[in-house]
1. With a cut-off of 18 Å, note down the residues of the stretch 178-192 whose backbone N falls inside the zone around a label point 7 Å from the Cα of residue 298 toward its beta carbon.
2. Could you tell me how many cubic angstrom of Cα convex hull volume the chain has per residue?
3. Students often check this: by mean Cβ neighbours within 10 Å, which of 112-122, 87-97 ranks highest, and how do the rest follow?
4. If I model a spin label as a point 7 Å beyond the Cα along the Cα-Cβ vector, how far apart are those points for residue 173 and residue 88 in nm?
5. Can you give me the relative contact order of the stretch 243-392 as a percent, contacts being Cα pairs under 8 Å and 6 or more apart?
6. I'd like to compare 270-279, 154-163, 18-27, 249-258: which one has the highest average count of other Cβ atoms within 10 Å, and what's the full order after that?
7. Would you mind calculating the relative contact order of the chain from Cα pairs under 8 angstrom and at least 6 residues apart, reporting the percent as a whole number?
8. Could you tell me the distance between the Cα centroids of the stretch 323-392 and the stretch 1-59, to the nearest Å?
């Protein structure tokens, strides 16, 4: 029997993760789930949102299901430390980013695929006085460990950092800015990691029949880092003659999302741009309640919805949040470990629930979230899970 590390984290992560496990069990997937400590509670109590004991669990069992985390700005995070930990030099760092970097989970896959009948699907005018609903089926490959999210930055940079940056001629524009009034953040891109994410994107397109891979960057401005992406993509594309290589600028791409989203298949970007573009596409297929993702390394993989911890909904009883993103993340886990038949069964069950349209969470009804949403016919979290299980 396979062992899965269960990482509920914060807020609604503690709600939706058990629902995903219920669906996995109903589909016939037998596993042992071991709990891993992660998130805000452990930052407050221990000064570490990602305890070493949790890292060791993932080192042993290799597969993690992750719920959600709470993350706050630096100064606010320090204020919430236990009194005995104050002024001890603890610095908050996102535990999911920590996991990605520790295990080199450098390949992030975020499918954004519309389900027939979802009332939240994107529609547009057809030019004839009516409306049309394009079929959105995009998969974003986001480089997970480098770029703007690499975490290498300074407020009031030390002299050796300032001196190093001032070797670049563009720093002349900041020559009169005192270091104590300056914050510097880096965007580091490496050849090996860039090759890995772009090759993974082409392999995925080849395997699942997508006709194009789009590099979504900004090489006309970020000439070195985005330029490396485009240069390597052109080299790798030669190995896949049946797949077109496109390149778009991130700003223009966000405009084109609502003009012709059905045009795009697989997209690949650096960390921050991949984060932006995947949320943009997620908005076309129902929002973060439907947005799943996989973080994949050589040995370890962690699967998570892309929504946050939504603390304002954590205490609602019954819960109203949409569990589908978490369930779809569990489905990606099944695909990863070779349980494709069970994964397809769950995907089909979700599609049937959505197409039938009898059970809808508050977001699918386009009403305000809160305890009153149930009075207006919104399904609870557990009722949505029950509906999916009924089709299994």
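Rule-based calculations on the coordinates, nothing more; no lab input. These figures come from a predicted structure and were not determined experimentally. As a convention, Cβ positions derive from the backbone with ideal geometry for all residues, glycine included, and neighbour counts pool all protein chains shown.
1. Answer for the stretch 178-192: 190-192.
2. Value for the chain: 172 Å³ per residue.
3. 112-122, 87-97
4. It is 4.3 nm.
5. It rounds to 19 percent for the stretch 243-392.
6. 270-279, 18-27, 249-258, 154-163
7. In percent, rounded to a whole number, it is 22.
8. Between the Cα centre of the stretch 323-392 and that of the stretch 1-59, the gap is 20 Å.
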